[in-house]
Amino acid sequence: MIKLFPRYLISFTFLVFLQVFILNNIQLSGYINPYIYVLFILALPFETPNWALLILAFILGLTVDLFSSTIGMHCSATVFMAFIRPYVLKVISPRDGYESETLPRLKYYGASWFIKYSAILIFAHHFVLFYVEVFRLSNFFTTFTRVVLSSIFTIILVLISQYFYGKEIRR
């Protein structure tokens with residue numbers, strides 16, 4: 001992981017930049033808000049310790065919050081996403097387990113596995129994010145519609161991003 005630190009730092013910076021300066025300005029009919037920065041948590045290696053995962057998620061969420069003036073919303077959603085990630089990986093693990101020196105990517109485990117993995121975590125992230133944002137249940141179905149539509153759009157962006165990883169060096 002130490003050898004890959006510069007790569008993850010560039011990824012972190014790029015995803016935050018993309019989110020804050022481009023995607024935060026996109027709102028399709030008020031229901032679809034793309035959040036590509038969650039790809040950073042999705043792409044971390046399987047061997048990432050849980051404590052490091054939570055700290056990285058906190059820093060990622062706090063960074064997006066600081067640039068978006070939404071202190072705490074993205075932070076709580078990304079920490080929740082990082083918290084459930086090990087359990088999701090355990091539930092959807094392949095029969096033989098995860099191969100060493102692979103990453104949670106589409107090309108290593110296939111479309112079915114990657115869509116399940118990303119859909120569960122992205123939906124959980126968006127669910128927490130949007131319900132913390134409105135902080136009431138009076139408009140439950142309106143907010144739930146936002147969660148579903150934004151999750152679908154974000155999953156599509158994450159899937160498209162997987163094709164840009166191209167030839168990746170195995171660790």
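The values are calculated or read from the model by the stated rules, or taken from the named source; none is laboratory data. Keep in mind the model is a prediction, meaning the values are calculated, not measured. No Cβ is skipped: glycine too gets one built from the backbone with ideal geometry, and neighbour counts run over all protein chains shown.
I want to confirm something. Restricting to region 26-40 and keeping residues that are within 22 Å of SER69 (Cβ to Cβ) and at pLDDT below 85, which single residue is surrounded by the most Cβ atoms within 10 Å (Cβ to Cβ)?
Filtering first and then ranking leaves TYR31.
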First in region 23-38 and part of a strand (DSSP E or B), second anywhere and surrounded by 15 or more Cβ atoms within 10 Å (Cβ to Cβ), Cβ under 7 Å, 6 or more apart: ILE32/LEU149; ILE32/SER150; ILE32/PHE153
Scan region 41-53 and tell me whether some residue there is in contact (Cβ under 8 Å) with a residue 40 or more places away in the chain, polar (S, T, N, Q), within 30 Å of TYR98 (Cβ to Cβ) and crowded, with 19+ Cβ neighbours inside 10 Å. no
Is one or more of the residues making up region 1-23 polar (S, T, N, Q), surrounded by fewer than 13 Cβ atoms within 10 Å (Cβ to Cβ) and over 15 Å from the mean Cα position of the chain (by Cα)? no
Condition check: farther than 20 Å from ALA82 by Cα and part of a helix (DSSP H, G or I). Does ALA119 satisfy that? no
Which one of these does TYR87 not meet: (1) in a helix (DSSP H, G or I); (2) surrounded by 11 or more Cβ atoms within 10 Å (Cβ to Cβ); (3) free of Cβ contacts under 8 Å to residues at least 12 places away in the same chain; (4) not charged (D, E, K, R)? (2)
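Considering PHE164, PHE135, PHE140, which residue is of a type outside the set (Gly, Ala, Ser) and under 18 Å from the mean Cα position of the chain (by Cα)? Outline the logic, then answer.
Details: PHE135 fails: under 18 Å from the mean Cα position of the chain (by Cα); PHE140 fails: under 18 Å from the mean Cα position of the chain (by Cα).
Result: PHE164 is the single residue among PHE164, PHE135, PHE140 that is of a type outside the set (Gly, Ala, Ser) and under 18 Å from the mean Cα position of the chain (by Cα).
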Just need a number here: residues in region 104-124 that are surrounded by fewer than 16 Cβ atoms within 10 Å (Cβ to Cβ) and of a type in the set (Val, Ile, Thr). 1
ARG95 vs (1) out of contact with any Gly (no Cβ under 9 Å at 6 or more places or on another chain); (2) touching a residue at least 40 places away in the same chain (Cβ under 8 Å): all pass except (2)
Criterion (at pLDDT 95 or above and within 18 Å of PRO49 (Cα to Cα)) met by exactly one of LEU129, LEU121, LEU103, LEU89: LEU121
Of the numbered conditions (1) charged (D, E, K, R); (2) over 13 Å from the mean Cα position of the chain (by Cα); (3) at pLDDT 95 or above, ARG146 satisfies every one except a single condition; which is it? (3)
